[in-house]
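This report concerns only the one structure given below.
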Amino acid sequence: MTTRFEGDSDYTHGCAEGSGVLITNLGSPDAPDSAAVRRYLAEFLWDPRVVEMSRPLWWLILHGIVLRVRPRRSAHAYQKIWTGDGSPLSHITRRQAEALSARLAERVKGPFHLAWAMRYGSPSIRDGLEELRAAGARRIVVMPLYPQYSGATTASTFDAVADVLRRWRWIPELRFVTHYHDDPAYIAALAASLREHWGLCGEPQKLLFSFHGMPRRTVLAGDPYFCQCQKTARLVAEQLGLPGERWQVTFQSRFGREEWLQPYTDKTLKKLGREGVSHVDVVCPGFAADCLETLEEIAIQNKDVFLEAGGGRFHYVPALNDRPDHVSALADIILRQLRGWPGTAEEGDVAAAQAAATRERARALGAAR
């Protein structure tokens, strides 16, 4: 059996070797209907990083039960948040990419291109990497927009990138951001967003930091996600000067029957409602962009849980999305990764001159391009 590798047919000798950035997020279905959601969930839930179970057994469960029941329910949830621009996660990620590209263009003087992609759905990671290759990126920074590392998210993105690159004949230099849960600028942006919200709505009696849940066994197996979530919340609370009794870390979006990270967000809100807490705010620092889990699960479902249990005011504090301070924080992280590569502000002119010299030498040796 012969292995086929994809060629770089658009390569030209002496072209300035550019840098590229690929930002990624989880993904969304193409439409808020059962068929599109079924396709999306089939890809998402079949990932062995997402569901760590015997493949034959899980295939039977996934296709025999889950994909027969869940798409209709999830489609109904997506319909509540769908916009004229489509999926909130997709159009926010696109705006983040546009803002990041503009911000980085001010600092990177050599050939540079930024693309965005989704781990599941479209545009795919293959699409994003091919866009960078077509733009001449020979050095690529991959930045999954997951502040806290998890095998089910960050590592799964690495798997997808590696799966694409292993088919390329000439792979680029690669740097990969695995986490930024305690980055000072990211923490400052979170704290600033909360201060701004409180300036409009008043400070809550209780602030919940709600993170996406993971099975408890992943922590016992060595995944750092739980600890990184705790640190993010603690650092933000310290910046806000909140005493321990005014804030709490919780976990949402559990799936299946096994034990997940606790305390659960919905059960915590029900308890606070029954205790008559007058004002609760929920912020979701693990989500770089608003999506189904924030806009529908937290802002609608969990709000109802709290109010129906007897609670008072409830506010969901939006994700950082494309706030300027968030974009600046992400840009700084990316620039640290780009440092030392040709194409930085102080090296761009040198890189262009070197490329021109390479082109002339190649032509002297008989190269066509």
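The values are calculated or read from the model by the stated rules, or taken from the named source; none is laboratory data. Computed from a predicted structure; not experimentally measured. In this analysis, Cβ positions are derived from the backbone assuming ideal geometry, glycine residues included, and neighbour counts consider all displayed protein chains. Only protein heavy atoms, including side chains, enter the accessible area calculation; ligands, DNA and RNA are left aside. Shrake-Rupley method; radii C 1.70, N 1.55, O 1.52, S 1.80 Å.
Compared with the dominant principal axis of the Cα atoms in the chain, helix 265-274 is inclined by about 30°.
What does the accessible area per residue of the chain come to in Å², with a 1.4 Å probe and no ligands, DNA or RNA counted?
Working: 17220 Å² over 369 residues.
It amounts to 47 Å² per residue over the chain.
Full extension of the segment from ARG95 to ARG107, taken as 0.36 nm per residue of separation minus the current Cα-Cα distance, would add 2.4 nm.
Simple spin-label estimate for LYS267 and GLU6 gives 4.5 nm between the two label positions (7 Å along the Cα-to-Cβ direction from each Cα). Our coupling estimate for segment 109-121, obtained by passing each phi through the Karplus curve with A = 6.51, B = -1.76, C = 1.60 and θ = phi - 60°, is 8, x, x, 8, 8, 10, 10, 10, 7, 10, 5, 10, x Hz, Gly and Pro reported as x.
Which percent of the accessible heavy-atom area of segment 215-345 goes to carbon and sulfur, probe 1.4 angstrom? Before the final figure, lay out the partial values.
Working: 2880 of 5730 Å².
That share works out to 50 percent.
Starting from the amide H of TRP247, placed 1.01 Å from N in the peptide plane, find each other amide H under 5 Å away whose residue is 5 or more places distant or on another chain. The answer is LEU207.
Sequence-distant contacts, meaning Cα pairs under 8 Å at least 6 residues apart, place the relative contact order of segment 195-269 at 43 percent. Residues of segment 49-66 with an amide N closer than 20 Å to a point placed 7 Å from the Cα of ALA221 along the Cα-to-Cβ direction: 49-63. Spacing of the modelled spin labels on GLU203 and GLN79, each 7 Å from Cα toward Cβ, amounts to 4.3 nm.
Taking a Cβ cut-off of under 12 Å around LEU269, the surrounding Lys, Arg, Asp and Glu residues balance to a net charge of 0, with basic ones at +1 and acidic ones at -1.
At a 1.4 Å probe, what is the % contribution of carbon and sulfur to the accessible area of segment 1-152? Could the numbers behind the result be given before it?
On the way: 3840 of 7120 Å².
Carbon and sulfur: 54 percent of the exposed surface of segment 1-152.
Rounded if a/c is under 1.5, else prolate if a/b is larger than b/c, else oblate: which is segment 188-284, with a ≥ b ≥ c the root eigenvalues of its Cα gyration tensor? It comes out oblate by the Cα gyration axes.
Which order, highest average first, do 87-94, 195-202 follow once you tally other Cβ atoms within 10 Å for each residue and take the mean per peptide?
Working: 87-94: 21.6, 195-202: 12.4.
Result, highest mean Cβ count within 10 Å first: 87-94, 195-202.
Between amide H atoms placed 1.01 Å from N, distances below 5 Å from PHE112 occur with SER19, all of them 5 or more places distant or on a separate chain.
Per-residue ellipticity at 222 nm for the chain, helices alone: DSSP H runs ≥ 4 residues times -39500 (n - 2.57), over residue total, nearest 500 deg cm²/dmol?
Working: 13 runs with 160 residues, N = 369.
Theoretical 222 nm ellipticity from helices: -13500 deg cm²/dmol.
The count of lysine pairs in the chain with alpha-carbon distances below 24 Å, taking only pairs 8 or more places apart or on different chains, stands at 12.
A cut-off of 5 Å between modelled amide H atoms, ignoring neighbours fewer than 5 places along the same chain, links HIS279 with GLN205, LYS206, GLY312, ARG313. The computed Cα Rg over 2.2 N^0.38 Å for the structure shown corresponds, within [x] 1.09; [y] 1.20; [z] 0.98, to [x].
Helix 125-134 and the longest principal axis of the C-alpha atoms of the chain enclose an angle of approximately 30°.
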